[in-house]
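Working notes, structure below.
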Amino acid sequence: MSDGVDGRKRATLRRFAALGAAPLAAAGSAAAAPDEDANETREAIQGYVATTPGAHFSKLRDDLRLGTGETQHHLRKLEETGAVESMKDGDYRRFFPAGRFDAVDKRALGYLRRETPRGLVLALLRDPDATGAAVADELGVSRPTISAAAADLADAGLLTREGGYALREPERLITLVVRHAESFGPDAVAFADAAADYVRYDP
């Protein structure tokens, strides 16, 4: 690995490690010892998982610029110590900070990490009466694509399809989107910025 690539990797790890549980070695110190490297990597993974809950293995590995074996090793150690937990989601394994989310939250976060289901959820949060055709036009995808996403969300218990589409627990979904908006991307950030407009109080 070249010095430039290694430097970018270390900068990425340090940024996320600042969000992890344990303190880092001083940034200006000499090259870290192997144990310090391992601790820094695990702290970075913890910080990443805390800010990007529901990220799957490949995204975590790529965003932190880690190798596959390296990522597997540290995630296994973090799961063994109870710092991180994971859930199988189809072809993916998704990672979460331990003890923070229930099963419904985890399913919801998994779908919010997928572009089309997230777009459908956000569209229905903005306009609960939106039709599948309208959402397809808004997202620039086909109607069958929206129908497939809706079927997946329904199977996960997050949406009903009786007489149109309706989210089962919109308040829960709003909370997850707003709390982790930056990790979902610009569409979620824009929604979070205007979230007060979608919260209705009806005493």
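The values are calculated or read from the model by the stated rules, or taken from the named source; none is laboratory data. Predicted model, so just to flag it, every value in this text is computed and none were measured. Cβ placement follows ideal geometry from the backbone for every residue including glycine, while neighbour counts extend to all protein chains displayed. Keep in mind that these areas ignore ligands, DNA and RNA; they rest on the heavy atoms of the full protein, side chains included. Shrake-Rupley method; radii C 1.70, N 1.55, O 1.52, S 1.80 Å.
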**Asked** Can you tell me how many residues in region 157-168 are open to solvent by less than 60 Å² (accessible area, probe 1.4 Å), part of a loop (DSSP other than H, G, I, E, B) and among the small types (Gly, Ala, Ser)?
**Response** 2
**Fill in**
Val178 vs (1) under 22 Å from Ala190 (Cα atoms); (2) without any contact (Cβ under 8 Å) to a residue 24 or more places away in the chain; (3) not in a helix (DSSP H, G or I): all pass except (3)
**Prompt:** Among (1) under 14 Å from the mean Cα position of the chain (by Cα); (2) over 17 Å from Arg113 (Cβ atoms); (3) acidic (Asp, Glu), where does Asp89 come up short?
**Reply:** (2)
**Prompt:** Among the residues of region 113-121, is there at least one that is closer than 20 Å to Ala44 by Cβ and either touching a helix residue (DSSP H, G or I) at 6+ places or on another chain (Cβ under 8 Å) or in contact (Cβ under 8 Å) with a residue 60 or more places away in the chain (or both)?
**Reply:** yes
**Item:** Filter result (open to solvent by 30 Å² or more (accessible area, probe 1.4 Å) and touching an Asp or Glu at 6+ places or on another chain (Cβ under 9 Å)) within region 120-140
**Value:** Arg126, Ala134, Leu139
**Prompt:** Counting only residues that are over 13 Å from the mean Cα position of the chain (by Cα), among the β-branched types (Val, Ile, Thr) and either open to solvent by less than 50 Å² (accessible area, probe 1.4 Å) or more than 20 Å from Ala50 (Cβ to Cβ) (or both), how many does region 169-188 have?
**Reply:** 1
**Message:** Among the listed residues Gly157, Gly119, Gly140, identify the single one that is out of contact with any Lys or Arg (no Cβ under 8 Å at 6 or more places or on another chain), modelled with pLDDT of 95 or more and on the phi > 0 side of the Ramachandran plot.
**Reply:** Gly140
**Asked** Do we find that Arg100 is farther than 19 Å from Arg168 by Cβ, open to solvent by 10 Å² or more (accessible area, probe 1.4 Å) and either in contact with a helix residue (DSSP H, G or I) (Cβ under 7 Å, 6 or more places away or on another chain) or part of a loop (DSSP other than H, G, I, E, B) (or both) in this structure?
**Response** yes
**Request:** Name the single residue, out of those in region 58-93 being within 15 Å of Arg42 (Cβ to Cβ) and among the acidic types (Asp, Glu), that is most open to solvent (accessible area, probe 1.4 Å).
**Result:** Glu80
**Request:** Would you please list the contacts, defined by Cβ atoms under 8 Å and residues six or more apart or on different chains, that run from a residue in region 39-57 that is on the phi > 0 side of the Ramachandran plot to a residue that is open to solvent by 20 Å² or more (accessible area, probe 1.4 Å) and part of a helix (DSSP H, G or I)?
**Result:** Gly54/Lys106
